[in-house]
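Remarks on the structure that follows.
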Amino acid sequence: MTPHPEILLRNIDSRSKTKVIGLIKNGCTSRFMSVKCNNGNYVLSNTCSFDTIVQMLAVAYCDSTAYTKYVMEKKEESTLWQLIFCLLRDGVTVQTYRKRVEILSSLFSGEPILNGITYLSVEQSIDSMLNMLLKNYESVQIEENCSSCKFERSEKKPFLTICVTEKMPTKRQLNLLINQEMKQLYDSKICQMCNGIIEVTVILGEHVFFNLINLNNTTDALFMDTRILLNHIPKSISTPQTQYYLRGLGTTPDLQQSTTSYETIGHYHAHTFRHPINSWQIYDDVKEKVHSVNENTKVNLQIILYSK
């Protein structure tokens, strides 16, 4: 069998030999150890939604030449991309945690505690964290123009939302939902101003996040995580413009499955798919190290990341 073309490309990239990316630890694991940043001392907790997103983006950066170029171009614009760049270059260091503090202290208000230390609790759902971190680095930009009345509208989306009604969707069902969501982006619309046809232009980003909401088949049910096998997640998706490859999932532990609702914030970790080594790994910021995961593992899925 001929190897996947992207895998061939990765095999000539020395970074493809990096089978494990440094694991960023949750602020809760160092509750009483402060981090100096911007003339202040901070203690962080509940950083798992942030850490999960960063680990997923780091995999995209490590395993994709196209995404490497993207991060290199953006790293002077945002501390987020600097963090990802340095995470791959230097591993997890004090600077990693300083950059995390710099980002999160700009997004959340801290609480002063003893000895001039600020306590920062980052208890945030993963979709809300995505909105904050990637509001200027959207998954898609949609331009709508009516040729009749000159109506114009522009919308940027950090992620696309997929509503799932199956308790445990199959690979075919999830693939169909993803393709339907992508197809709907390009559908023409009727102008509410003049009943003319609105032309839609879709500009996809270097990455595309999907946020899954499981409606549990009833309109008033709790929003539950989607339970699915890792090998049921499509490894790639095709669009009219380009091909995207699976990089990672934002997931929750099994013990949360029966209690998690859309309003509830719990623990998150990242299940990542490493194309160069054809393997799944889990990055859990309360664990000691990264672990390999069998593709037949069932996970509680909330977000999916694809990148070029």
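With kT/(6 pi eta Rh) evaluated at 25 °C and eta = 0.890 mPa s, and Rh the Kirkwood radius from Cα pairs, the chain diffuses with a coefficient of 119 µm²/s according to Stokes-Einstein.
A straight Cα-to-Cα reach below 22 Å connects residue 289 with the lysines 17, 19, 25, 99, 298, residues fewer than 8 places away in its own chain not being considered.
By the beta carbon rule, with partners counted only under 4.7 Å, the chain holds these lone Cys residues: 28, 37, 48, 62, 86, 163. Less than 5 angstrom separates the built amide H of residue 303 from those of 212, 250, all sequence-distant by 5 or more or on a different chain. Between the C-alpha center of region 162-182 and that of region 111-143 there is a gap of 28 Å.
Projecting the Cα atoms of 195, 215, 68 onto the charge dipole of the chain, computed from C-beta unit charges around the Cα centre, puts 68 farthest toward the positive end.
In region 89-177, taking the dipole from charged Cβ atoms about the Cα centre, the farthest positive-side position among 176, 165, 137 is held by 176. The phi-based Karplus calculation (6.51 cos²θ - 1.76 cosθ + 1.60; θ = phi - 60°) puts the 3J(HN,Hα) values of region 240-250 at x, 9, 6, 10, 10, 10, 4, 10, x, 10, x Hz, whole numbers, x for Gly and Pro. Working note: Karplus 6.51/-1.76/1.60 with θ = phi - 60° gives region 266-271 the couplings x, 8, 10, 9, 10, 9 Hz, where Gly and Pro are set to x.
Leaving ligands, DNA and RNA out of it, report the carbon-plus-sulfur percent of the accessible area of region 37-103 at a 1.4 Å probe. Result for region 37-103: 44 percent of the exposed heavy-atom area is carbon or sulfur. About its Cα centre, the dipole of the chain is roughly 840 debye, where the only charges are +1 on Lys and Arg Cβ and -1 on Asp and Glu Cβ. The share of alpha-carbon pairs in region 43-142 lying farther apart than 16 Å comes to 59%. Would you mind checking the tilt of helix 65-74 against the longest principal axis of the Cα atoms of the chain, expressed as 0 to 90 degrees and rounded to 10? For helix 65-74, the angle is close to 70 degrees.
The values are calculated or read from the model by the stated rules, or taken from the named source; none is laboratory data. Not measured: the values here are computed from a predicted model. Cβ sites come from the backbone with ideal geometry, for glycine too, and all protein chains shown count toward neighbours. All accessible areas refer to the heavy atoms of the entire protein, side chains included, with ligands and DNA or RNA removed. Shrake-Rupley method; radii C 1.70, N 1.55, O 1.52, S 1.80 Å.
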